[in-house]
Amino acid sequence: MHLSSYEELRYRLLTQAVTCEEAVRFYLDRIDDNRHDNIFITVFHEKALERARSLDRKLRDGGEPGILFGMPVAIKDNIAMKGGRLTCASKILSNYESVYDATAVLRLEEEDAVFLGKTNMDEFAMGSSNENSAFGTVPNPFDKTRVPGGSSGGSAAAVANGLAMVALGSDTGGSVRQPAGFCDIVGLKPTYGRISRYGLVAFASSFDQIGVLARNSDDAALVLGVLAGRDNHDATCSLRDVPDYGTEMTSVRVEGLKIGVPKAFFPENLNSDVSRIVMGKLHELRERGAELVDITLPESDYAIAAYYILVTAEASSNLARFDGARYGYRSSESGDLSSMYVNSRTEGFGREVKRRIMLGTYVLSAGYYDTYYKKAQQVRRVFQDRYREALEKVDVIAGPTSPFPPFGIGDKMADPLEMYLADVFTVPASIVGMPAVSVPVGMDSLNLPVGMHLICNFFEEGKLLGIAKMMQRND
Ligand code: GLN
């Protein structure tokens, strides 16, 4: 059963050519066959089949199938599902069970999706390679010696390997888009506030967004339509109505489309294959009637500097709740209250998470607040203004998703700054809060995937996905 889109599966399910149970069993078998790749942290074998059988009954009894009827979905393990483990790929939460469902999960469920399991990730979504996980490394689907990207590496590998049709991820600075780029699939980070964050474990609350990983833009649009919209549980969630993304996508025309191409996204040291493939695709669009417009945006390096000050500051506060008393792991070496805090955190958190908590505490300290945190907030505002101005002149801003193709496992673990630079092109959209997508546009000389990164103005997800669809490479 090779399926490249949900439309295909839906047709087979609704004509009863296959049952939900058969479809879900097919995916669960594939998950089992690939279990050595650590893609899933938890698999819902029985629950998923039970759910599939109940959907089959619903259809037989003449019930109205939901928008995502029978869609096999994987969920990143920092999104809450009631009664299930919620680890964030951290030792500190390795036995923690969620007591409620994330809004995103409830919405998928209401539209008849089937949950297959929870996927691996960088601990607390901090990383770009999935190597910062307490649950093992995930290999890239195209070359097992390389990383799948991160932090939603498990979600991206699950979709790319056909272990799930769609997966949810979270994106704070690129964690949906960068792994999508590394795994040859579509990864969408919506506008900040478009999807409720209720039930998403907080890393940096003013950046975090749930995003969608899918095989194509149509599937991503369908799922976004279900997830988006107001939620009384999340005060930062937008009250704006949710448009019909499918209709918005089809109204995008290549003729006259203005594509902004900033120098900031094509630096001198950009990998030559990446540059050739991305530029090649842009020229192809120009031949089809689009206009390529030179635009000037601030150097993305400043975005990285500001990002790592702001997110570590927010993380140091958000992660204070993991203290050995309220959630998860407690050290057995604790004599008194303060040693319980210190030892539980020392033993429970991994290196990268500790590094960020310390950095964040430092940039928020009384003596350095103005120098670092306040300055970074000012940089954030400059980026917002400049991106808004740019998008008054063009429809979309384009560039590569990542400055290089998937790198080798272990290659960047010794140097955190090197690792941080993997997000140099994805972080700006997170700083400004605009929607952005990575779409597969080609394979490099080693047969590794290359992604195109597109940014549109606030709440223009339909247009963004329509443009992504024009660009996606054909198999
Ligand atoms: N790789 C980036 C970081 O480590 C982005 C993470 C994310 O988007 N969750 O912060």
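The values are calculated or read from the model by the stated rules, or taken from the named source; none is laboratory data. All of these numbers come straight from a predicted model, not from anything done at the bench. Note: ideal-geometry Cβ built from the backbone for every residue, glycine included; neighbour counts use all protein chains shown. The area values use the complete protein model at the heavy-atom level, side chains included, leaving out ligands, DNA and RNA. Shrake-Rupley method; radii C 1.70, N 1.55, O 1.52, S 1.80 Å.
Summary of values
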read-out	value
Charge tally in the Cβ shell below 9 Å around ALA306, where Lys, Arg are +1 and Asp, Glu are -1, ALA306 excluded	+2
Förster radius 60 Å - calculated FRET efficiency between GLU97 and ARG276, Cβ distance, rounded to 0.05	0.80
Rounded FRET efficiency, nearest 0.05, which uses the C-beta distance separating THR145 from THR250 and R0 of 51 Å	0.80
Descending principal axes extents, the range 158-232, alpha-carbon based, whole Å	34, 23, 18
Over the chain, relative contact order from alpha-carbon pairs under 8 Å, at least 6 apart, %	17 percent
Of all accessible heavy-atom area on the chain, the percent that carbon and sulfur account for (1.4 Å)	48 percent
Projected label distance in nm at LYS258 and SER317, using a 7 Å step from Cα toward the beta-carbon	3.8 nm
Helix-only CD estimate at 222 nm, as mean residue ellipticity for the chain, using -39500 (n - 2.57) per DSSP H run (n ≥ 4)	-11500 deg cm²/dmol
Antiparallel content of DSSP bridges confined to the chain, in %, to 5	65 percent
Inter-label distance for GLU268 and ARG35, nm, one decimal - labels placed 7 Å from Cα along Cα-to-Cβ	5.2 nm
Potential lengthening between ARG53 and LEU14 on full extension [0.36 nm per residue; Cα-Cα distance subtracted]	12.6 nm
Per residue value of the accessible surface for the chain (all protein chains in place, 1.4 Å probe), Å²	39 Å²
Assigned charges on the beta-carbon of Lys, Arg, Asp, Glu; the range 316-475 dipole about Cα centre (debye)	380 debye
Cα centroid of the range 387-446 to Cα centroid of the range 348-367, whole Å	25 Å
Convex hull per residue volume in Å³, alpha carbons only, for the range 1-121	106 Å³
Candidate residues HIS233, HIS36, HIS45: accessible-area rank, largest first, probe 1.4 Å	HIS36, HIS233, HIS45
Environment charge at ALA228 (Cβ cut-off 14 Å; Lys +1, Arg +1, Asp -1, Glu -1)	-3
Cα-derived Rg over Rh, computed across the chain with Rh taken as Kirkwood radius	0.96
Signed unit charges on C-beta, dipole axis of the chain, positive-most listed residue PHE322, GLY399, VAL437	PHE322
Leading residue at positive end of dipole, the chain (Cβ point charges), from LEU200, VAL254, GLN377	GLN377
Relative contact order (%) - criterion: Cα under 8 Å, at least six apart; region: the range 300-366	43 percent
In the range 53-150, trypsin sites (Lys or Arg not before Pro) in a DSSP loop with at most 13 other beta-carbon atoms within 10 Å	LYS144
Sequence of TYR368, TYR373 from largest to smallest accessible area, 1.4 Å probe	TYR368, TYR373
Inter-probe distance in nm under a simple model that places probes 7 Å from Cα toward Cβ, at LEU417 and MET443	3.6 nm
Cβ-based net charge around ASP33, under 15 Å, with every Lys or Arg adding one and every Asp or Glu removing one	+1
Distance violations [Cα-Cα > 27 Å] among LYS189/LYS263; LYS47/LYS144; LYS281/LYS375; LYS58/LYS189; LYS76/LYS281; LYS118/LYS189	LYS47/LYS144; LYS281/LYS375; LYS58/LYS189; LYS76/LYS281
Residue among LEU297, LEU282, LEU270 farthest towards the positive dipole end of the range 256-302, charges placed on Cβ	LEU282
Dipole in debye (nearest 20) - the chain, about Cα centre, beta carbon charges: Lys, Arg +1; Asp, Glu -1	560 debye
Charge dipole (debye, nearest 20) of the range 193-251; +1 at Cβ of Lys and Arg, -1 at Cβ of Asp and Glu	140 debye
Sites matching GluC sites (Glu not before Pro) across the range 318-379 that sit in DSSP coil, with at most 12 neighbouring C-beta atoms within 10 Å	GLU333
Mean separation of Cα contacts under 8 Å, 6 or more apart, over the residue count of the range 373-475: relative contact order %	30 percent
Residues in the range 117-153 reached by a label modelled at LYS82 [backbone nitrogen below 20 Å; 7 Å Cα→Cβ]	117-118
Qualifying trypsin sites (Lys or Arg not before Pro) in the range 277-371, DSSP loop, other Cβ atoms within 10 Å at most 15	ARG288, ARG326
